[in-house]
Amino acid sequence: MSTETVSIPESVTQRRTVCPTPAGPSLYANVLKQYEKAADLMELDRSLRSILAATANEIVVRFPVRMDDGRIEVFTGYRVQHNNALGPFKGGIRYHPSVNIDEIRALAAWMTWKSAVAQIPFGGAKGGIQIDPAQYTPGELERITRRFTFALGDNIGPEYDIPAPDVNTNAQIMAWILDTYLMTRPPQERARCAHVVTGKPLESGGSLGRDKATGQGIVFLIERWARERGLSLSGATCIVQGFGNVGSWAARLMKRLGARLVGVQDVSATLYDPSGIDPDDLAAYAEVGRGIRGYPRAREIDSGAFVQIEADIFIPAALHNQITAETAPRLKVRLVAEGANGPTDPEGDAILQHRGIDILPDILCNAGGVIVSYFEWLQNKRSESWELEEVDGKLRKRILGAYDRVRDTARNLETDWRTAANVVALARLEKVYRERGIFP
Ligand code: NAD
């Protein structure tokens, strides 16, 4: 991480630039591979292909923040807006050392497809700061978040681009973004701007059910997948990679259906217990801020052994490129339900398909988060607050509708579910471009 002791003029932080793609394996290349396969299959119009293969705006900001010890550190933050043909840009903000422009581009494009598959009126965006948040105090994280928000300025907005939580960000960070954004508005406008971010704390305009929404969506889909195959989830086994927002909620909701968590991995440790690990107890333990390491009621195993744990269902809910040419042959599961974005790289994907392992692809499987973000956005616009049953019921209907569209498309086109999900998304976007045309 670069450290500077000079003060930076404010004007530097407001610049819009396009950055070069960093060297190394490109996540955006994975997006394009999936995209081109679907575009070929549906014979997507050539000129539309070039529009959707490119990101609309790439905002890079560098901004100084004073640390607790008085030093000034300069941070790099990103916001990539991929496409807004279907509605305002929408997507999470991630704090992680791996964050770079290529990763954010890929995540932004997946957001466009995800909203299109779920038929919600949003486009796709993503943002982040390249930091390891564990290295900063809460006060420093607050100042970093506030300066990042200020640096983004009018590149975000309640009707234009709406951030949400992602890896290492949460409701508290959304509250700081909201407050900072509101402070830049005239007082008369502030009450109309609560929907500039979603995933907020309840008292600050958040929605009931948003915390568990991504996990809940995954579990609704797994339930439907199992029912269509005549399988019971009572007594089924699952393994979960990543025990943060998505992974812990998915594991806890699977438990309510009678499933047993036999393996779990986070950045700190890998746990195994064939008789079952209680996800509620583990979540209470991990919440203290230490992750799952040291949890006394399961055996800690080597991280490499995780992918070999035998189970019915694998829920990757950590980072991208985890199921690869190296790990895919070793998985002993029937279903991969992708909670994370991009957990399976193209080689891993081909191996899973060849082995007959079912996949609920990310742009379908983890759409519960953006669906309930949409509900939060609507509630804020209408000054409403919905009951949890209403949120859950609407989420279930919408995500299962997306499931049906993807399943039927896969059958009709005799293709895999990931390609089918991409086709569903692209077909919706194609229709909109055809109806509206290209300006001028
Ligand atoms: P989080 O920060 O709450 O949790 C991330 C988890 O992954 C943590 O348990 C962390 O320890 C673990 N992890 C990180 N690196 C790891 C590694 N190398 N090996 C094993 N575990 C590792 O983040 P989250 O919000 O739960 O997001 C998880 C994934 O789900 C991301 O891919 C994110 O983009 C995706 N996603 C999140 C949402 C949402 O609503 N939060 C919605 C859709 C998709």
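The values are calculated or read from the model by the stated rules, or taken from the named source; none is laboratory data. Here the structure is a predicted model, which is why all the values come from computation and not from measurement. No Cβ is skipped: glycine too gets one built from the backbone with ideal geometry, and neighbour counts run over all protein chains shown.
Using the structure shown, decide if T145 is surrounded by fewer than 24 Cβ atoms within 10 Å (Cβ to Cβ), in contact (Cβ under 8 Å) with a residue 24 or more places away in the chain, in contact with a helix residue (DSSP H, G or I) (Cβ under 9 Å, 6 or more places away or on another chain) and more than 28 Å from E387 (Cα to Cα). Write out each step before concluding.
Numbers: surrounded by fewer than 24 Cβ atoms within 10 Å (Cβ to Cβ): no; in contact (Cβ under 8 Å) with a residue 24 or more places away in the chain: yes; in contact with a helix residue (DSSP H, G or I) (Cβ under 9 Å, 6 or more places away or on another chain): yes; more than 28 Å from E387 (Cα to Cα): yes.
So T145 does not fit the description; no.
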Cβ pairs under 8 Å, 6+ apart or interchain, first in the range 165-184 and within 17 Å of N341 (Cβ to Cβ) and among the β-branched types (V, I, T), second assigned to a loop (DSSP other than H, G, I, E, B) and within 11 Å of the ligand (Cβ to nearest atom), ordered by first then second residue, are V167/H96; V167/G244; V167/L319
Within the range 289-318, restricting to residues that are more than 11 Å from the ligand (Cβ to nearest atom) and under 22 Å from A213 (Cα atoms), the one that is surrounded by the most Cβ atoms within 10 Å (Cβ to Cβ) is F314
Is it the case, given these coordinates, that G401 is within 14 Å of the ligand (Cβ to nearest atom) and in a helix (DSSP H, G or I)?
no
In the range 319-348, anything closer than 16 Å to Y28 by Cα and more than 16 Å from the ligand (Cβ to nearest atom) is listed as P346, E347
A careful count of residues in the range 159-183 that are more than 16 Å from the ligand (Cβ to nearest atom) and closer than 22 Å to A134 by Cα gives 1
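More than 24 Å from V65 (Cα to Cα) and surrounded by fewer than 20 Cβ atoms within 10 Å (Cβ to Cβ) - does that describe any residue in the range 171-183?
Taking the range 171-183 first, the residues more than 24 Å from V65 (Cα to Cα) are none.
For the range 171-183, residues more than 24 Å from V65 (Cα to Cα) and surrounded by fewer than 20 Cβ atoms within 10 Å (Cβ to Cβ): absent.
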task = Output yes when any residue across the range 198-209 is more than 11 Å from the ligand (Cβ to nearest atom), in contact with a Phe, Trp or Tyr (Cβ under 9 Å, 6 or more places away or on another chain) and of a type in the set (V, I, T), and no when none is.
result = no
Discussion item. Whether any residue in the range 387-396 is among the basic types (K, R), within 16 Å of the ligand (Cβ to nearest atom) and under 20 Å from the mean Cα position of the chain (by Cα) is what I want to check.
Written reply: no
Checked P163, P88, P133 against criteria (modelled with pLDDT of 95 or more, over 30 Å from R418 (Cα atoms) and buried (at least 18 other Cβ atoms within 10 Å of the Cβ)); the one match is P133
Inside the range 213-241, the number of residues satisfying the requirement of being of a type in the set (D, E) and closer than 30 Å to E376 by Cα is 1
Item to complete: Tell me, yes or no, whether the range 74-85 has at least one residue that is modelled with pLDDT of 95 or more, within 17 Å of W377 (Cβ to Cβ) and not β-branched (V, I, T).
Response: yes
